[in-house]
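The values are calculated or read from the model by the stated rules, or taken from the named source; none is laboratory data. These numbers come from a predicted model, not from an experiment. Positions of Cβ are backbone-derived with ideal geometry, glycine not excepted, and every protein chain shown enters the neighbour counts.
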Amino acid sequence: EGTVARLLKEENLGQLKSILTYHAFDGSVSAGDALNAQAAKTLNGQSVSFSIEKGRLKANKATIVTTDIACDNGTIHVIDAVLLPPDIDSDAEVSSTESEPDPRKMIEAAIKRGVPVFNKGQHGSCAAIYERCLEGLAENERLESGVRAGLRKVLDRSRSSHRDWDRAWIFRHALDGVYHDLMARR
C-alpha cells in the first residue's frame, strides 16, 4: 500500500490535512521575502525554514525548483519533495529519492504553466516561468555539463533582449531543444 493510499484512509485524514496545510502560508509570499525572513509560519501553525544551500533555495530540506508563480489567490513555489511537519512520523515521508529533480518533468511543468500565460498576452510572466526553469536546469547535475553550460549562455544572451515576447521564445526554444535531446536518449 502506497503512502497516498494510506493517507487517504479515514483514520489518516488529519495527518493528510496537516501535511497539506504545512505547504501553505497566509497571504502571498515571494521567494525573496521568504529567504529574508528565514522562516515562515504555515497554515498548520508550524514553521518552514528557508535558506540557500549550494546555490539553491531550500524550504526545509526540499529544493525550490521554480519560484514566484503569480496566481489569483497567492504565489506558488514548486518544490522537489513533500514537506513533512515535525509532528509527522518519517515513515510517512513521500519525498523524492533523488537529489536532483527530473529535467524532463521540470520542462514539462514549465511549458504547461507558460503556454496559457503566453496565450493570455502575459509574455513577461511566461518568460519568467521559462527563465526560472532554465536556471534550475543549468544547475541540475542530471544534465551533462556541456548542456548546462549552453543553458547558461542562453540565459546570458537573453539579457540583451528587452522584449518579453522575444525572451519567452528564446527560452522556449532552449527548453524544447533540451527536451528533444532528453527524449532521444530515452
Residue satisfying all of: in the range 43-64; in contact with a helix residue (DSSP H, G or I) (Cβ under 8 Å, 6 or more places away or on another chain) and in contact (Cβ under 8 Å) with a residue 40 or more places away in the chain; farthest from M106 (Cα to Cα) among these: N44
Only one of R148, R167 that is assigned to a helix (DSSP H, G or I), over 17 Å from I111 (Cβ atoms) and out of contact with any strand residue (DSSP E or B) (no Cβ under 9 Å at 6 or more places or on another chain): R148
Subset tally (residues that are touching a strand residue (DSSP E or B) at 6+ places or on another chain (Cβ under 8 Å) and basic (K, R)) for the range 24-64: 3
Which numbered condition A174 misses (of (1) modelled with pLDDT under 95; (2) part of a helix (DSSP H, G or I); (3) buried (at least 16 other Cβ atoms within 10 Å of the Cβ); (4) out of contact with any Gly (no Cβ under 6 Å at 6 or more places or on another chain)): (1)
Given (1) modelled with pLDDT of 90 or more; (2) more than 27 Å from I19 (Cβ to Cβ); (3) among the small types (G, A, S), number of the condition G55 does not satisfy: (1)
The range 72-87, subset at pLDDT below 85 and surrounded by fewer than 17 Cβ atoms within 10 Å (Cβ to Cβ), residue farthest from S28 (Cα to Cα): D87
